[in-house]
Amino acid sequence: MRKNSVFFNDPNLLVACCFLASFIGSFANAGEIQDFDPGLAPFNVVIEKHSLRLAVNMKTVLPGKTLSIAVKQKNAGEFSLYQGPNKLTLNATGSHRWIAPKKPGYYPLTVIRNRDEAQLTLNIFVLHPASQLINGKLNTYRIGQYPSALNGLEAYKAPKGYIEVTRDEENILVSPHFKLGQFLCKQDGGYPKYLVLQPELLDKLELLLEHVNTKGIRTDGFTVMSGYRTPFYNKAIGNVPNSSHIYGRAADIFVDVKPADDYLDDINGDGVANIKDAEALYDMADQLVNHNRHPQLMGGVGLYDKTPAHGPFIHVDVRGMPARWGHK
């Protein structure tokens, strides 16, 4: 007891002890921060026969259309469904038929497990129908003219509607690690802006992000250099007419964390940030769909080197068929 009393009465030893404890605690907390959270769904919810894998999801629907939502759990009565602050009715089997309002806009739904308040979010965007376009414009926002569907394929048909995005809505999560505003077209123009975005693209980006983190590349997101492109903008930059970008099915991405400087990171650890890092990211995306058995996410992967305007990056899309370019 005497030794302990002497130890804690020595101010120098006490300071050293506190510093050591603080250092160990900080180190432990740093380790916790490094853990990647994939944002998986805490329970099973099905929308339009599609099981939601993630805790945050998005869905688009035309005005007046109906969405079928179902909580697929044994005790459906333990769950509640809300639209904003308003509670909706789940039937005895945990199902609800949600009718989209006539007014386009953002309508968040939340499913809550009552016993522990675990949540699953479904951010619904009621679209502005494509029929509202006048001379290639929606309100004052220039969209342009869509080309004929490539080979008559469904994936290349003009969209039936557009998400309206105000400045305040740019930060809405459309998946656990991506925000609505990241996918807006880069063309000039004020708000509101308009966007096409497919949930399958978000599913693919989230799977790739999770895979990248399992490889020891710690990042909570990708920089989306280019997401949706209006046909007007796509033509202006000289891209192919049927680019997957104009259908909201593609994103050009890179990892930008250390440092966050709008340039691809050195993810292969060779001390240099260059095309070889983009190749490493390409290789991860290349076999992603096959490894995860998600044929609905089949699409393209492309590799691009730096130019005076940007650093190296990769393209990923969900066109429904495999396509590869830019990498041997």
Quiz item: Which number do you get for Rg(Cα) / (2.2 N^0.38 Å) in the range 35-81?
Solution: 1.33
Quiz item: If each of Lys49 and His310 carries a label point 7 Å out from its Cα toward its Cβ, how far apart are those two points in nm?
Solution: 3.7
Practice problem: Select from the chain the helices, each a whole stretch of DSSP H, whose alpha-carbon atoms run 18 Å or more along the helix axis and whose Kyte-Doolittle mean is at least 1.0; answer none if there are none. | Solution: 11-33
Self-check item: Average projected area [Cα convex hull, the range 196-247], square nanometres
Solution: 4.2
Practice problem: Which order do the peptides 272-282, 196-206, 153-163, 65-75 take when ranked by the mean count of other beta-carbon atoms within 10 Å per residue, highest first? | Solution: 196-206, 272-282, 153-163, 65-75
Exercise. Below 22 Å Cα-Cα, how many Lys pairs turn up in the range 38-126? Only count pairs eight or more apart in sequence, or on different chains, if you could.
Key: 15
Practice problem: Hey, could you grab the Kirkwood Rh for the range 233-328? Inverse mean 1/r over distinct alpha carbon pairs, Å, one decimal. | Solution: 14.2
Quiz item: Of the residues Ser244, Ser95, Ser148, which exhibits the maximal mean-square fluctuation in a Gaussian network model of the chain defined by a 10 Å Cα contact cut-off?
Solution: Ser148
Quiz item: Which value, in debye to the nearest 20, describes the size of the charge dipole of the chain about its Cα centre when Lys and Arg Cβ atoms bear +1, Asp and Glu Cβ atoms bear -1, and nothing else is charged?
Solution: 1340
Quiz item: Fully extended, how many nm does the chain gain between Lys258 and Lys160 (0.36 nm per residue separation, minus their Cα-Cα distance)?
Solution: 31.3 nm
Practice problem: Any chance you could tell me what percent of the C-alpha pair distances in the range 38-126 go past 21 Å? | Solution: 22
Self-check item: Counted charge near Ala92, where neighbours are those whose Cβ lies closer than 13 Å (Asp, Glu -1; Lys, Arg +1)
Solution: 0
Quiz item: In the neighborhood of Cys185, defined by Cβ-to-Cβ distances under 9 Å, what is the net charge if each Lys or Arg adds +1 and each Asp or Glu adds -1?
Solution: +3
Quiz item: Mean projection of the alpha-carbon convex hull of the range 129-325 over all orientations, in nm²?
Solution: 11.2
Quiz item: Can you give me the relative contact order of the chain as a percent, contacts being Cα pairs under 8 Å and 6 or more apart?
Solution: 12
Exercise. For the pairs Lys157/Lys204; Lys160/Lys186; Lys157/Lys306; Lys186/Lys235; Lys157/Lys193, note any where the Cα-Cα span goes beyond 24 Å.
Key: Lys157/Lys306
Quiz item: Remind me, relative contact order of the range 38-126 in percent, using alpha carbon pairs under 8 angstrom and six or more residues apart?
Solution: 33
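We did not get these values from a lab; they are worked out from the coordinates using the rules stated. Nothing here was measured: the structure is a model prediction, and the numbers come from that model. Every residue, glycine among them, receives a Cβ derived from its backbone with ideal geometry; neighbour counts consider all protein chains shown.
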